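Below is one structure, written out as structure tokens, with a few remarks after it.
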Amino acid sequence: LDRVTRLNPKSHIASELRSVARELARNHINGRQEQAIRAIDQDNGLRLEQLDEQIRQNPKSEELFIKRAEIRATTKRYADAVADLGEAIAINPKRLENYWERARINYFFRDKSQAFNDLARAIAIEPENPKNYWTRVRYYRYESDGHGVISDDSKLIEFVTSNNGDSSQLIGLHMDRAAAFGWQGKCDAAVADIDRAITLDGTDAKAHDF
């Protein structure tokens, strides 16, 4: 494989290297972790080279920037990944997934404030899309932001109720909001949410325990 790579580095090598990487990963338990990592890194390097060339030829392809952002994030090139997602957003500013992914990278690896800005932008684009609130409330929980959790959970409770959604979702949302009310010392509101969860499913042990 090394000889083929030296003779013709662009000749269907990516798929072969992926096979090698998978095989080495299977040998992880045999102490061959470093070899697996090197093979995967080499694979990612080749894929990035290919994407660089494809983007030079087609600089208005949203999908190419998304693919390159994914690899750059995997290889811990977070600033570059964010930049690629910015290009994808410039090409198609209405695709919510790009905002969510850029928010994820920014939240965990770069700039939390920018993450929340992107989540707010996604909501501004589609304010009635519940996925926006499911996405953002998760980060509010990470931050123990009671106000944010209460606001987004309330919106989600409205969505689920108006669409005759799954009662288990409603129970979870009421319990989640109850915890946020508890963080703020609003015990009456917390108990009201717990009562609602019990009403929805009287057998829910977590609600009774809470």
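The numbers here are math on the coordinates, done by the rules we state, and not lab data. What you see is a predicted model; the values in this text were computed from it and never measured. Every residue, glycine among them, receives a Cβ derived from its backbone with ideal geometry; neighbour counts consider all protein chains shown.
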**Item:** Gained length - ASP188 relative to LEU200, 0.36 nm times residue gap less alpha-carbon distance
**Value:** 2.5 nm
**Asked** Rounded to two decimals, what is Rg over Rh for the range 126-188 when you use alpha-carbon atoms and the Kirkwood radius?
**Response** 0.96
**Request:** Run the quick spin-label model on HIS147 and SER61: label points 7 Å from Cα toward the beta carbon, then report their separation in nm to one decimal.
**Result:** 4.5
**Asked** When N is the residue count of the range 45-131, what does its C-alpha Rg come to as a fraction of 2.2 N^0.38 Å?
**Response** 1.09
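Give me the compactness ratio for the range 54-196, meaning the Cα radius of gyration over 2.2 N^0.38 Å. Mind dumping the intermediate values first?
Details: Rg = 17.8 Å, N = 143, 2.2 N^0.38 = 14.5 Å.
Cα-based Rg divided by the globular estimate yields 1.23.
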**Prompt:** Cβ under 12 Å from ALA83's Cβ, ALA83 left aside: what net charge do those residues give with Lys, Arg +1 and Asp, Glu -1?
**Reply:** +2
**Prompt:** Which net charge results for the neighbourhood of LEU170, defined as the other residues with beta-carbon distances under 10 angstrom from its beta-carbon, given Lys and Arg at +1 and Asp and Glu at -1?
**Reply:** -1
**Prompt:** Computed over the Cα atoms of the range 99-152, what is the ratio Rg over Rh, Rh following Kirkwood?
**Reply:** 0.94
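Based on the mean of other beta carbon atoms within 10 Å per residue, what is the order of 191-199, 70-78, most packed first? Don't skip to the answer; put the middle values down first.
Details: 191-199: 18.1, 70-78: 16.6.
For the peptides 191-199, 70-78, the packing ranking is 191-199, 70-78.
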**Request:** State the answer as a single residue: which of ASN92, PRO130, THR74 lies farthest towards the positive end of the charge dipole of the range 52-134, with beta carbon charges of +1 for Lys and Arg and -1 for Asp and Glu, about the Cα centre.
**Result:** THR74
